[in-house]
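The values are calculated or read from the model by the stated rules, or taken from the named source; none is laboratory data. Only a predicted model underlies this, so the values are computations on that prediction, with no experimental measurement involved. Methodologically, a virtual Cβ is constructed for each residue, glycine included, from the backbone with ideal geometry; neighbour enumeration extends over all protein chains shown.
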Amino acid sequence: MSRHPAESRIWYVAYGSNLALARFRCYLRGGRPAGGSRVYAGCRDPRDPARTEGVEVAGALVFAGTSRVWDGGMAFYDRTAHGVVACRGYLVTVEQFADVAAQELRRPPGGEFAHDLVGLLPDLESVVTTGRGLYETVVRLGDRDGVPMFTVTHHDVGSLPPAAPSAAYLRWISTGLREAHGYDAARTARYLGAARGVRDAWTERDLAAIADGDRSVRGPSVPGPSVLGWAP
């Protein structure tokens, strides 16, 4: 008997704060991540991923916008840029992926948006933009072990004005880089320090301190104006 599309497995590829499993579990099980201001509803199916893998994809990590959750720039995946993005793959069901994407946009798990997204996956071959929100573009990143990989980003990341992320947001990303790729503080600082939105606002010294668990670092080294004024 064939599996229902909603129960099929795909890889959700995270590149921002969801690199950290404890933070991603807020999307799965519900709850508020440390340092964040939002309580998440959780997925209809709250189970942990069947597998997690550290993965790298071609492109660039960019920070832009103003997050109401983290009070700073948000991470986006720019598939058109040159470089390598350190990511984490979570083997989840199509339904779980749809519910995570819905929560990114402050839409209800299991609602119309999630239902429509289930209908698009896992047969999507490349890219689909489902609306005008900042995280409404689903990108296929190839396959891993014969299973399709997808992430969520903006349809035109290069058009977004860069914005510095907050220390709380960077802490979660740093945790995820350590968990998924074994990055130490120095390597994390070099990686994040090269990203647009970070490189002109945070010093590598402060980024390394954040990655090393220093809670005294609270704001960008060079504060800048917030932009866009909207976020999930």
Task: Selection count where residues are surrounded by 15 or more Cβ atoms within 10 Å (Cβ to Cβ) and under 18 Å from the mean Cα position of the chain (by Cα), scope region 130-147 - done: 10
Open item on the list: Taking the conditions exactly as written (surrounded by 21 or more Cβ atoms within 10 Å (Cβ to Cβ), under 16 Å from residue 29 (Cα atoms) and touching a residue at least 60 places away in the same chain (Cβ under 8 Å)), does residue 77 satisfy them or not?
Closed with: no
- [ ] Would you tally the residues in region 200-215 being at pLDDT 95 or above, of a type in the set (Lys, Arg) and not in a helix (DSSP H, G or I)?
- [x] 0
Task: First in region 102-127 and more than 20 Å from residue 139 (Cβ to Cβ), second anywhere and polar (S, T, N, Q), Cβ under 8 Å, 6 or more apart - done: 109/103
- [ ] Scan 120, 141, 91 and give me the residue that is within 15 Å of residue 6 (Cα to Cα) and either in contact with a Phe, Trp or Tyr (Cβ under 8 Å, 6 or more places away or on another chain) or among the hydroxyl-bearing types (Ser, Thr, Tyr) (or both).
- [x] 91
Task: Residue ranges of strands (runs of 3 or more DSSP E) in region 104-186 with at least 1 members out of contact with any Leu (no Cβ under 9 Å at 6 or more places or on another chain) and over 22 Å from residue 68 (Cα atoms) - done: 127-129, 137-144
Task: Residues of region 122-157 classified as more than 27 Å from residue 36 (Cβ to Cβ) and out of contact with any Gly (no Cβ under 7 Å at 6 or more places or on another chain), total - done: 14
Task: Selection count, region 110-129, where residues are surrounded by 15 or more Cβ atoms within 10 Å (Cβ to Cβ) and touching a helix residue (DSSP H, G or I) at 6+ places or on another chain (Cβ under 7 Å) - done: 8
- [ ] Would you point out the residue of region 183-197, among those that are of a type in the set (Lys, Arg) and buried (at least 16 other Cβ atoms within 10 Å of the Cβ), that is nearest to residue 169 (Cα to Cα)?
- [x] 196
